[in-house]
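Enquirer: Below is a structure I'd like to ask you about.
The values are calculated or read from the model by the stated rules, or taken from the named source; none is laboratory data. If you're wondering where the values come from, they're calculated on a predicted model, not measured in any experiment. A quick note on method: Cβ atoms are made from the backbone with ideal geometry, for glycine too, and the neighbour counts reach across all protein chains shown. Areas reflect the complete protein model, heavy atoms only, side chains present, ligands, DNA and RNA absent. Shrake-Rupley method; radii C 1.70, N 1.55, O 1.52, S 1.80 Å.
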Amino acid sequence: MSALEQKQQKIDPYISRVSDTPFMTERQDPVIYGEQVALGEDKGPLNLEHLEAYNDNGFLFFESLFSEDEVSWLLGEVERLKTLKELEDSDYVIREPESNEIRSFFYVHQFDAVFKALSQDERIVNIAEQILGSQVYIHQSRVNLKPGFRGKEFYWHSDFETWHTEDGMPRMRALSCSITLTDNNEFNGPLMVIPGSHKLYISCVGETPENHHLDSLRKQEYGVPDDKIMTELVEQNGIVAPKGKAGSVIFFECNLMHGSNSNITPYTRTNAFFVYNSAENTLVDPYSGMQPRPEHIATRKDFAPIQPSRLQNALKDYRDKK
Ligand code: 6CS
Ligand code: FE
């Protein structure tokens, strides 16, 4: 690391996109907050084995956390969103780079009552609170549709590198929860993670373009690791692609290296993603020194912690009203 890079490191341990060569440094934050793993205790819902696996690998996978009945309700809501005229030209909708098919709906935890209820469900919020050792709020939400035949890849990246550089997320005290709404199998572009990669921070090359999100959410080209570092990471840790039926859930650490391939099968790979940030890690000015990204990509206006509730109650209310 050059003298300049060492100087920059002192200012910001997670500085990125300031050098013309990438460099790797040790993570400088805990993975599991609170003394649970150190004291060999777990207050639940995760047991000590779960906590140690998450600490070591940076992710956890649970089959069928949500029932078929809940999943069909959620998937029905995605189909309804696809028909909404008022969403057609909305900034919340990101389209695929070539086909222009819908790639993602962002901000679903705010503009859609069904996904708001899902984002507050105690089965996932209680796990996020336990890992992050505090109350939590939603930093970002999205439904990635990855449509059959035309759902393009999400290239390798660390979410935290973007959220720190472009959103001003201070420390690594956040996680993503991906809820599969359709089966994720080896063919239709499942999430791929590099186990243990959350323990290293890769400072990427390049400079963040203005309004980078207008391109990066379609095809990310800045804030991505180079081939040499990716080869090293894969050779040391391998690649794991958690797969499972609709209703399964993957929790992954904000700095875990991940990506997913294009989907050329007829079967959509539709997942809902909620990013839980610790209420003690709220955003400051972006470390890039640039303008913050819009509210529908990174929550800045309201850091009120979530009060966990039950999706089943929302589903019952929905049916009672019909
Ligand atoms: O820039 C972001 O916040 C988004 N980009 C990716 C590829 N994953 C995290 C997030 O959805
Ligand atoms: Fe990501």
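Enquirer: Considering only the other residues whose Cβ falls under 13 Å of the Cβ of residue 189, what net charge follows from Lys and Arg at +1 and Asp and Glu at -1?
Expert: Numbers: positive: 103, 146, 150, 152, 243, 269; negative: 96, 153, 183, 186.
The answer is +2.
Enquirer: Spin-label point model (7 Å from Cα, Cβ direction): what's the residue 88 to residue 53 distance in nm?
Expert: It is 4.6 nm.
Enquirer: Could you calculate the contour length gain from residue 9 to residue 207, that is, 0.36 nm times the residue separation minus the distance between their Cα atoms, to one decimal place in nm?
Expert: On the way: separation 198, 0.36 × 198 = 71.28 nm, distance 1.67 nm.
In short, 69.6 nm is gained.
Enquirer: Using 0.36 nm per residue of separation minus the Cα-Cα distance, give me the extension gain between residue 309 and residue 72 in nm, one decimal.
Expert: Details: separation 237, 0.36 × 237 = 85.32 nm, distance 1.96 nm.
Difference between extended and current length: 83.4 nm.
Enquirer: For region 1-97, which trypsin sites (Lys or Arg not before Pro) are in a loop by DSSP, counting at most 12 other Cβ atoms within 10 Å? Show your work: numbers first, answer last.
Expert: Values: sites: 7, 10, 17, 27, 43, 80, 82, 85, 95; in loops: 17, 27, 43.
Of the trypsin sites (Lys or Arg not before Pro), the ones in loops of region 1-97 whose Cβ has at most 12 other Cβ atoms within 10 Å are 43.
Enquirer: If ligands, DNA and RNA are left out, what is the accessible area of residue 264 with a 1.4 Å probe, given in Å² to the nearest 10?
Expert: For residue 264, solvent-accessible area is about 130 Å².
Enquirer: Sticking with this structure for a sec: At 1.4 Å probe radius, can you tell me the per residue accessible area of the chain in Å²? Mind dumping the intermediate values first?
Expert: Working: 14230 Å² over 322 residues.
Each residue of the chain exposes 44 Å² on average to a 1.4 Å probe.
Enquirer: Quick one: order 166, 68 from most to least accessible surface, probe 1.4 Å.
Expert: 68, 166
Enquirer: If you don't mind, there's one more thing I want to ask. Considering only protein heavy atoms and a 1.4 Å probe, what is the carbon-and-sulfur percentage of the accessible area of region 168-322? Don't skip to the answer; put the middle values down first.
Expert: Values: 3460 of 6820 Å².
Heavy-atom surface of region 168-322 belonging to carbon and sulfur, 1.4 Å probe: 51 percent.
Enquirer: By the scheme Lys and Arg +1, Asp and Glu -1, what is the net charge of all other residues having a beta-carbon under 12 Å from that of residue 305?
Expert: Values: positive: none; negative: 129, 280, 302.
Residues close to residue 305 contribute a combined charge of -3.
Enquirer: What dipole magnitude, in Debye to the nearest 20, does region 1-147 give about its Cα centre under +1 on Lys/Arg Cβ and -1 on Asp/Glu Cβ? Let's see the in-between values first.
Expert: On the way: 14 positive and 28 negative charges, 107 e Å.
It works out to roughly 520 debye.
Enquirer: A further question on this structure: I want the local charge near residue 211. Using Cβ-Cβ distances under 13 Å, sum +1 for each Lys or Arg and -1 for each Asp or Glu among the other residues.
Expert: Working: positive: 218, 293; negative: 91, 166, 210, 215.
In short, -2.
Enquirer: A 19 angstrom limit on the alpha carbon distance is what I want to check against. Which of 43/199; 116/316; 85/322; 152/219 exceed it? Please report the intermediate quantities before stating the final value.
Expert: On the way: 43/199 24 Å; 116/316 15 Å; 85/322 23 Å; 152/219 8 Å.
Those over the limit are 43/199; 85/322.
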